Amino acid sequence: MKILYKLKNINLNYLLNGNNIKILKNINFEIKKKERVAIIGESGSGKTSLLMLMSGLENPTTGSIIFNNQDLSKIGEKKRTEIRKKKIGLIFQQFFLIPNYTALENVMFPMQINEIKNEKEKAMSILEDFGLIHRRNNLPSELSGGEQQRVAIARAISFNPEIVLADEPTGNLDRKNTELISNLLFEYSKKREICLIIVTHNMNLARKCEKVMKLVDGQIKF
Ligand SMILES: Nc1ncnc2c1ncn2[C@@H]1O[C@H](COP(=O)(O)OP(=O)(O)OP(=O)(O)O)[C@@H](O)[C@H]1O
Ligand SMILES: [Mg+2]
């Protein structure tokens with residue numbers, strides 16, 4: 001199987017009050033196309049920081065992040081944004097839905113910027129799957145945390161990205177919805193051949209993945 005990501009000798013440091021803090025330490029791994037990988041680890045171990053690097057939203061202090069044979073840290077902001085727009089679906093811990101767009105418009109948005117046809121029908125069908133069709137005309141502020149989280153997941157998969165990077169995608173959901181939504185996420189990933197990287201505390205979810213990586217104090221343990 002082809003390699004989608006190659007992370008080589010990644011270090012991430014932050015300068016905080018004059019102190020150099022090591023957040024990620026000598027990270028090396030590869031992810032194959034269509035693979036599903038869980039990232040687990042305690043709060044503060046560096047999981048979100050790792051996703052920020054993999055999405056190209058942040059640059060490593062040293063090392064390279066090769067995505068589809070391109071080094072994200074070397075290609076410049078404009079090209080990185082273009083890659084993100086077309087190929088990477090992001091689910092953030094804080095959702096970042098567009099506040100003045102309805103649930104439906106949020107899910108349609110990435111399809112519109114990628115000029116995908118019939119975006120409304122497609123968004124409606126995804127919202128139906130995610131149990132949100134009755135909420136389609138509501139703004140994010142009118143939705144519960146779990147509903148917003150489901151809109152964020154629906155939006156991230158709507159445009160058939162090559163990969164979805166998900167930061168605790170079921171963190172705000174009850175047990176029934178966690179099961180339902182994680183099954184949907186895996187179904188979509190299989191059907192549409194989308195690679196999944198999921199940060200999660202939920203071991204049931206992690207066990208569904210082909211690979212589990214644990215971050216301990218900024219280092220990967222397999
Ligand atoms: N911009 C920043 N400046 C300085 N330190 C930061 C910054 N962002 C994150 N950190 C620190 O980096 C470490 C890793 O943070 P990160 O958000 O990656 O953890 P996490 O594993 O996602 O935790 P959680 O499970 O709570 O979401 C933490 O100690 C955090 O305080
Ligand atoms: Mg985090």
Among the residues in region 121-134, are any within 16 Å of ligand 1 (Cβ to nearest atom) and either surrounded by fewer than 19 Cβ atoms within 10 Å (Cβ to Cβ) or farther than 28 Å from residue 39 by Cβ (or both)? no
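Please find, among 144, 158, 125, the residue that is of a type in the set (S, T, N, Q) and within 14 Å of residue 181 (Cβ to Cβ).
Working: 158 fails: within 14 Å of residue 181 (Cβ to Cβ); 125 fails: within 14 Å of residue 181 (Cβ to Cβ).
One residue alone meets the criteria, 144.
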Please determine whether any residue of region 37-50 is buried (at least 19 other Cβ atoms within 10 Å of the Cβ) and of a type in the set (Lys, Arg). yes
Quick check on region 92-111: of everything there that is more than 20 Å from residue 165 (Cα to Cα) and surrounded by fewer than 15 Cβ atoms within 10 Å (Cβ to Cβ), which residue is farthest from the chain's Cα centre (by Cα)? 100
Within region 53-70, which residues are surrounded by fewer than 19 Cβ atoms within 10 Å (Cβ to Cβ) and among the aliphatic types (A, V, I, L, M)? 57, 66
One residue is enough: does region 5-15 have a residue meeting the conditions more than 16 Å from ligand 2 (Cβ to nearest atom), surrounded by fewer than 16 Cβ atoms within 10 Å (Cβ to Cβ) and modelled with pLDDT under 95? yes
When residues of region 184-209 are filtered for being charged (D, E, K, R), outside any helix (DSSP H, G or I) and touching a Lys or Arg at 6+ places or on another chain (Cβ under 9 Å), how many remain? 2
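Among 207, 155, 175, which is at pLDDT below 95, away from ligand 1 (no atom under 16 Å from the Cβ) and under 30 Å from residue 60 (Cβ atoms)? Steps first, please.
Working: 155 fails: at pLDDT below 95; 175 fails: under 30 Å from residue 60 (Cβ atoms).
Just a single option satisfies the conditions, and that option is 207.
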Test result for residue 22, within 16 Å of the chain's Cα centre (by Cα), more than 8 Å from ligand 1 (Cβ to nearest atom), touching a residue at least 60 places away in the same chain (Cβ under 8 Å) and surrounded by fewer than 19 Cβ atoms within 10 Å (Cβ to Cβ): no
Residue count, region 159-188, condition crowded, with 21+ Cβ neighbours inside 10 Å, in contact (Cβ under 8 Å) with a residue 60 or more places away in the chain and small (Gly, Ala, Ser), comes to 1
Which ones in region 25-51 are over 17 Å from the mean Cα position of the chain (by Cα) and of a type in the set (D, E, K, R)? 25, 42
For region 16-57, which residues satisfy the criterion of being over 19 Å from residue 202 (Cβ atoms) and within 12 Å of ligand 2 (Cβ to nearest atom)? 23, 49, 52
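The values are calculated or read from the model by the stated rules, or taken from the named source; none is laboratory data. Quick caveat, the model's predicted, so the values are computed rather than measured. Glycine gets a Cβ as well: all are built from the backbone with ideal geometry, and neighbour counts include every protein chain shown.
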